[in-house]
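Each remark here refers to the structure printed beneath this line.
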Amino acid sequence: MEVENCRKGTKVLLDNVPYNIEDAEFMKPGKGRAIYRFRFRNLIDGTSLERTYHSGDKLQEANITTREGQFLYRESDHLVFMNSDTFDQYLINETQLGNKQYFLKEGMIITTLFLGDRPLDITLPIFIEATVTKSDIATRTDTVTAQMKQATLETGLEIDVPVFIKEGDTIKVDTRTGTYVERVVTKK
Amino acid sequence: MTDDERRRLAQLLPNLKRRAKILDITRRFFNEQDFLELETPIRSPAIAPEKEIIPFDSEGWTLTTSPELYMKRLLAAGYQRIYQISHCFRKGERGKLHNPEFTMLEWYRTGVVYDAMMTDTEGLVVAIAREFGKGELIKYRGNAIDLATPWPRFTISDLYRQLAGWDPVENPDVRRFDMDMVTKIIPALDPHRPTIMLDYPVKMASLARVKPGKPRVAERAEIFIGGLELANAYSELTNAKEQSERFRAEIETIKHEQSRDAPFPHSFIESLDYLPKCAGIALGMDRLVMLFCNATSIDEVVPFTVDTA
């Protein structure tokens, strides 16, 4: 597509990597040729970069869509999801998801970013609730972190929790930082 | 009407009041000096062919991109001091400093060269600043700007050699010129003073005359304040043959590079034989208002842009 038609929010491919245009600046020196300065956000690793173009230059448009999907289960080094509308299954590689895989609970509904038919990434809810499956017995020797101890959640996440948390407790976790927020009191 | 729209328009009120005041001061500034305010057609059969200025088509005619040709036809008929505040249209120009429809202030004097236009601009901007009780010191986007005249003048040659490391007069690379202007020259200008850039490579002369004794530069000046490109002045080219040749070459380039047909402005060229020595300037009124409203976008100084129309 022509740079003239690129806007904030347009998704493009730079060297086959999908980017979102976060900021578009149109500049035109008097009587001169239009110049476009874009700030791009890499849709895979989140890094940003800036590039400048002349009118008439072309960029490759990326067919980026988002779809709702449900996390089903793990299968070797893949995670299996199901499109909530079509019930089609799709796989995302562990390495592609990075740490995000440790916040996924079976049955969880998440938004997936697709480049064409290829799932690229998922957007997690800011908070999730998960059950503690394993936790150390608090040791009182380390005075600095004496009030915290390590635990493992059903999602596979290893996390520091307060000493009063026991195996079987449900806790709330901030997915942006991977940290403990509070214990969830389950009503019986 | 949505709440957002109501809120947006209500927030613009102080700036729009200021805009009306600036228009009023501008008209007074010129009327007191015996300038005649004119209105010329917004829709016309032929405009100045310029490769980088794309007009909107209007049933085979075009919406004006500048009133320049009509203003000069009036000068050729004997008018001496004239000005116009008009809406102009340029396709595809949209950004913080651009809207495809914008307001242009143009004025012309006979018997003078482009220096007179710079002096007029200094006078007009200072008159507006004084009226707002700011003396000659204004603040724009966090910078104090001292408007005391005369404003610093630099030749394009000197600026590019100093800030971009090359001389466009010796080596007129238009593409590189435009890129360096926005990435190297404008960002490096003194934020506390207006800047006037003078004497453009003859290749970018457009409708300006070649500087007497300096065949490689044209008497064209651009005025910048606070990073805003405010106005473009010419010692007008009055030679019909030379102007015809430039237009024909430009029409050819437009056809070749953009597959666009630009009509030849015959009536204007025919009037040039009668055009006396004169100078003119086009000033972006929206940007002048932005300067005095401390606005970062044209959207803050007009009620409706192409995106909110």
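Quick note: the coordinates plus some simple rules give every number you see, no bench work behind them. These numbers come from a predicted model, not from an experiment. Don't worry about glycine lacking a Cβ; one is built from the backbone with ideal geometry, like all the others, and counts go over all protein chains shown.
A few remarks follow.
- Ordering of A:114-121, A:23-30, B:130-137 by burial proxy (mean other Cβ atoms within 10 Å per residue, highest first): A:23-30, A:114-121, B:130-137
- Only DSSP H runs of four or more residues enter the estimate; each adds -39500 (n - 2.57), and after division by the residues of chain A the mean residue ellipticity at 222 nm equals -500 deg cm²/dmol.
- FRET efficiency for A:Asp77 and B:His192, using Cβ-Cβ distance with R0 set to 45 Å, rounded to 0.05: 0.15
- For region B:65-191, the equivalent ellipsoid derived from the Cα gyration tensor has semi-axes of 27, 23, 18 Å, listed largest first.
- Among the listed pairs B:Lys91/B:Lys241; A:Lys11/B:Lys203; A:Lys31/B:Lys255, a Cα-Cα separation exceeding 26 Å is found for B:Lys91/B:Lys241; A:Lys11/B:Lys203.
- Binned Cα-Cα distances of chain B, short to long, each 20 Å bin given as a whole percent: 31, 61, 8, 0
- Fewest-first ranking of A:Arg7, A:Arg74, using other Cβ atoms within 10 Å as the exposure measure: A:Arg7, A:Arg74
- Per the Kirkwood formula applied to alpha carbons, region A:3-61 shows a radius of gyration over Rh ratio, Rg over Rh, of 0.99.
- Most to least packed among A:87-94, B:291-298 [average Cβ atoms within 10 Å]: B:291-298, A:87-94
- Computed on chain B, with alpha-carbon pairs under 8 angstrom and 6+ residues apart, the relative contact order is 23 percent.
- Amide N of region B:109-132 lying under 16 Å from the label point, which is placed 7 angstrom from the Cα of B:Lys277 along Cα→Cβ: B:109-117
- Förster radius 41 Å - calculated FRET efficiency between B:Trp166 and B:Phe132, Cβ distance, rounded to 0.05: 0.50
- Taking 0.36 nm per residue of separation and subtracting the Cα-Cα distance, full extension of the segment from B:Arg141 to B:Asp34 would add 35.0 nm.
- Modelled label positions at A:Lys58 and B:His87, each set 7 Å beyond Cα in the direction of Cβ, lie 3.6 nm from each other.
- Kirkwood Rh, Cα atoms: Rg over Rh of the protein assembly as shown: 1.14
- q = 0.13, 0.16, 0.20, 0.23 Å⁻¹, region B:130-242: log10 I(q)/I(0) [Debye, one scatterer per Cα]: -0.54, -0.77, -1.06, -1.27
- For region A:53-115, averaging the sequence separation of C-alpha pairs within contact (under 8 Å, six or more residues apart) and dividing by the residue count gives a relative contact order of 40 percent.
- The mean number of partner chain beta-carbon atoms within 10 angstrom of a residue's beta-carbon across peptide A:48-54 is 1.
- Mean Cα-pair separation over length for chain A, i.e. relative contact order, pairs under 8 Å, 6 or more apart, %: 13
- Per-residue mean of C-beta atoms belonging to partner chains within 10 Å, peptide A:18-30: 5
- Rotationally averaged projected area of chain A (alpha carbon convex hull; nm²): 15.4
- Calculated [θ] (222 nm, deg cm²/dmol) that DSSP helices of n ≥ 4 give over chain B, each run adding -39,500 (n - 2.57): -11000 deg cm²/dmol
- Remark: spin-label model distance B:Gln11-B:Ile269 equals 5.0 nm, labels positioned 7 Å along the Cα→Cβ axis.
- Average partner coverage of B:97-106, which counts Cβ from other chains inside 10 Å: 1
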